[in-house]
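**Student:** Dropping the structure in here first, questions after.
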Amino acid sequence: MLKAVILIGGPQKGTRFRPLSFEVPKPLFPVAGVPMLQHHIEACSKLPNMKEILLIGFYQPNEEINRFLSCAQQDFKISIRYLQEYAALGTGGGIYHFRDQILSGSPEAFFVMNADVCSEFPLPEMLDFQKEHGDAYSFVILGTTANRKQSLNYGCIVENEQTDEVLHYVEKPSTFVSDIINCGIYLFTPEIFQHIGTVFQKNQQDMLLEEQSNGWHRAEVIRLEQDIFTALAGQGKLYVYKTDRFWSQIKSAGSAIYASRLYLNQYHTTHPERLATNREGGPKTRGNVYIHPTANIDPTAVLGPNVSIGTGVTIGAGVRVRESIILHGATLQDHSCVLNSIVGWGSTIGKWARVEGTPSDPNPNDPYAKIDSETLFRDGKLTPSITILGCNVNIPSEVIILNSIVLPHKDLNRSFKNQIIL
């Protein structure tokens, strides 16, 4: 029997995803037409003996999370539960805190994945890889190849090329260590909790030594990457399974558009029914486009490539949308143009208006390039990135909004470029 744990973080995390994470918890943000988490759950539910999926995070259980859970349980016919941490306990602390829940029913192994990655999730391959490596107590990290410069932004893995054993693990090194990076998807056996327990006890002893330690340094805050993998490397316990299929992080809103492109592309094999086709009386689509059945789109509109249209969206005549996500209830009036942008829930774009951003895609000429997690500002200027409209933003007719971030509930009255409109 197998289980899966998805680490979904909490409201203090995902700040780079604002203003979109104000309205919906980041893990439920729609990527390629379905909530980010649903891609993980779908991959887990395809494994034949997967019995339960646990979400661990420190969001207050709210209506959105509960609705998502009940819909997902019905759709995938599998038990899905949310376990709320009392505080941010780190990637290892969360699973250690709920170890009894994870181990109930005694699973042979369980997957742990971060919610903010987009991937083809080669879970069956990871299971086969673990069996091949014979040792029932070995743990597997999913790895992929990055270029030398970008590898510094991730956890880096030095492997034994013959056996795939992890010899050395460094989280975000300051100089080049290896071009194999950690994808944030792991396959553990219950034995991992002994290793986490050792760190927990050490933390407790350290705390006793420094009695007056500040409240943050709880013994329960344990990071899988820095505290566990670094110690396990080179002990014959930790292996890396390298994938050459697609993988990306979803840290900023800009990376959601790139992730959307990767998933829409995958729909050709996994969900062809989710991709729009050019039908008589329907809008023209170019490339991969997802359109929710409740959207109302004028047949003269042209959409794509890489566009997803949410529930109840209205798109007028002659509208052009490319490389964008239009969230539910938004209205794009006649002849407006939306490029490299995310249009928030219930926002309106006036006639002949243009909303445009700068794509933050990886270098297309480098097969190992990943998306750069850009800082918002560089040299005192706003870094050109995709344009984001928060919820209920009104853009008047005939204005241009370029490389800007507009916070929710704003009525704009002129054009803006390279600005955050508070």
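**Student:** Among DSSP beta bridges whose residues both lie in region 2-249, state the antiparallel percentage, nearest 5.
**Tutor:** 45
**Student:** Taking the highest mean first, how do the peptides 335-347, 152-164, 305-317 order by number of other beta carbon atoms within 10 angstrom per residue?
**Tutor:** Top to bottom by mean Cβ count within 10 Å: 335-347, 305-317, 152-164.
**Student:** Hey, what did the chain get for relative contact order, percent, Cα under 8 Å, at least 6 apart?
**Tutor:** Reported relative contact order: 12 percent.
**Student:** Pull up the DSSP beta bridges for the chain and report the antiparallel fraction as a percent, rounded to 5.
**Tutor:** 25
**Student:** Here's another thing I want to ask about it. When the Cα centres of region 230-269 and region 1-80 are compared, how far apart do they sit, in Å?
**Tutor:** Cα centroid to Cα centroid, the span is 17 Å.
**Student:** Could you work out, for the chain, what percent of all Cα-Cα pairs fall into each 10 Å distance bin, beginning at 0 Å and stopping at the bin that holds the largest distance?
**Tutor:** With 10 Å bins starting at 0, P(r) equals 4, 21, 29, 25, 14, 5, 1, 0.
**Student:** If you don't mind, another one. In whole Å, what is the distance between the alpha-carbon centres of region 177-203 and region 336-390?
**Tutor:** After rounding, the separation between the Cα centres reads 35 Å.
**Student:** Tell me, what ³J(HN,Hα) does each residue in region 298-311 have, in order and in whole Hz, if you take phi through Karplus 6.51 cos²θ - 1.76 cosθ + 1.60 with θ = phi - 60° and put x for Gly and Pro?
**Tutor:** Going residue by residue, I get 5, x, 8, 6, 10, 10, x, x, 6, 10, 10, 10, x, 5 Hz, with x marking Gly and Pro.
**Student:** Give me the percent of the accessible area of region 1-149 that comes from carbon and sulfur atoms, probe 1.4 Å, all protein chains in place.
**Tutor:** 50
**Student:** Provide the per-residue ³J(HN,Hα) series for region 360-371, in order, calculated from phi with Karplus coefficients 6.51, -1.76, 1.60 and θ = phi - 60°, each as a whole number of Hz, with x at glycine and proline positions.
**Tutor:** With the stated coefficients, region 360-371 comes to 10, 7, x, 4, x, 8, 10, x, 9, 5, 10, 6 Hz.
**Student:** Provide, for q = 0.11, 0.13 Å⁻¹, the log10 of I(q)/I(0) from a solvent-free Debye sum over equal Cα point scatterers in region 2-249.
**Tutor:** -0.59, -0.84
**Student:** Send over the per residue convex hull volume for region 266-417, Cα only, as a whole number of Å³.
**Tutor:** Hull volume normalised by residue count: 117 Å³.
**Student:** Greater than 23 Å separation of Cα atoms is the criterion. Which listed pairs, K251/K410; K46/K172; K149/K417; K242/K370; K172/K417, meet it? Show your work: numbers first, answer last.
**Tutor:** Working: K251/K410 25 Å; K46/K172 33 Å; K149/K417 30 Å; K242/K370 15 Å; K172/K417 34 Å.
In this structure, K251/K410; K46/K172; K149/K417; K172/K417 exceed 23 Å between Cα atoms.
**Student:** Could you do me a favour and compute the accessible area per residue for the chain, 1.4 Å probe, result in Å²?
**Tutor:** That works out to 44 Å² for each residue.
**Student:** Between G33 and residues 5 or more places away or on another chain, which pairs have amide H atoms under 5 Å apart, with H built 1.01 Å from N, and which residues are they?
**Tutor:** Here nothing satisfies the definition.
The values are calculated or read from the model by the stated rules, or taken from the named source; none is laboratory data. As the structure is a computational prediction, the values presented were derived from the model and not from experiment. No Cβ is skipped: glycine too gets one built from the backbone with ideal geometry, and neighbour counts run over all protein chains shown. Side chains are part of the model used for accessible areas, which takes the heavy atoms of the whole protein and leaves out ligands, DNA and RNA. Shrake-Rupley method; radii C 1.70, N 1.55, O 1.52, S 1.80 Å.
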